[in-house]
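What follows is one structure encoded as structure tokens, with my remarks underneath.
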Amino acid sequence: MASSSTVMKAENGQSSSSSSSSSSSKKRGRQVTTILALPQSRPHQPKERSPLTLATLQVVREKAEKRGKRTSLAVSVRHFDNTDINYDWLLPGWVAEERYVPSGRKGLGRIYKYYYDPTGHMYYSKREVLFAWRKMNIICLDP
């Protein structure tokens with residue numbers, strides 16, 4: 001699984017690449033470092049979302065349309081559910097939203113996180129979500 005730019009070392013210490021820099025470093029007694037190829041990135045495949053997640057996203061979009069367009073064009077919004085590794089603590093039907101707001105010349109910005117329950121109510125932190133679960137008598141074993 002090595003690409004053409006990868007230098008592979010044989011067991012006797014000689015490289016399989018025939019470049020002049022590796023042969024000249026061999027003559028000087030230097031060790032040739034092995035460069036490993038990274039796996040090729042796969043094209044992004046959208047995840048299958050559960051019907052509960054899709055229903056929550058629909059409610060969130062409807063509420064956003066009622067409020068009107070108040071976000072800048074530069075803001076990017078992504079939604080996650082409990083199938084994503086960072087948000088596996090969420091219950092089914094709950095959705096996390098990340099808004100990236102760029103600022104400054106170098107493109108540095110801030111990520112704001114919001115959480116939505118299946119009714120579309122917005123929470124501003126994980127702590128608020130866990131408190132709401134406790135208030136609704138939902139048992140939370142690993143906060």
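Residue by residue through region 85-116, note down the ones that are aliphatic (A, V, I, L, M) and more than 20 Å from GLU128 (Cβ to Cβ).
ILE85, VAL101, LEU108 - these are the residues of region 85-116 that are aliphatic (A, V, I, L, M) and more than 20 Å from GLU128 (Cβ to Cβ).
Could you check region 37-139 for strands (runs of 3 or more DSSP E) lying wholly inside it with 2 or more residues that are of a type in the set (Phe, Trp, Tyr) and either at pLDDT 90 or above or exposed (fewer than 15 other Cβ atoms within 10 Å of the Cβ) (or both)?
The strands (runs of 3 or more DSSP E) meeting that bar are 109-116.
Being under 22 Å from ALA132 (Cα atoms) and under 21 Å from the mean Cα position of the chain (by Cα) is the filter here, so list the residues in region 61-84 that pass it.
Answer for region 61-84, where residues must be under 22 Å from ALA132 (Cα atoms) and under 21 Å from the mean Cα position of the chain (by Cα): HIS79, PHE80, ASP81, ASN82, THR83, ASP84.
Tally time: how many residues in region 87-110 are touching a Lys or Arg at 6+ places or on another chain (Cβ under 7 Å) and aliphatic (A, V, I, L, M)?
Number of matching residues: 2.
Filter region 84-143 down to the residues that are in contact (Cβ under 8 Å) with a residue 12 or more places away in the chain and polar (S, T, N, Q), then identify the one that is nearest to THR71 (Cα to Cα).
SER125
The values are calculated or read from the model by the stated rules, or taken from the named source; none is laboratory data. Bear in mind the structure is a predicted one, so any value in this text is a computation, not a measurement. For neighbour counting, all protein chains shown are included, and Cβ atoms are generated from backbone atoms with ideal geometry for every residue, glycine included.
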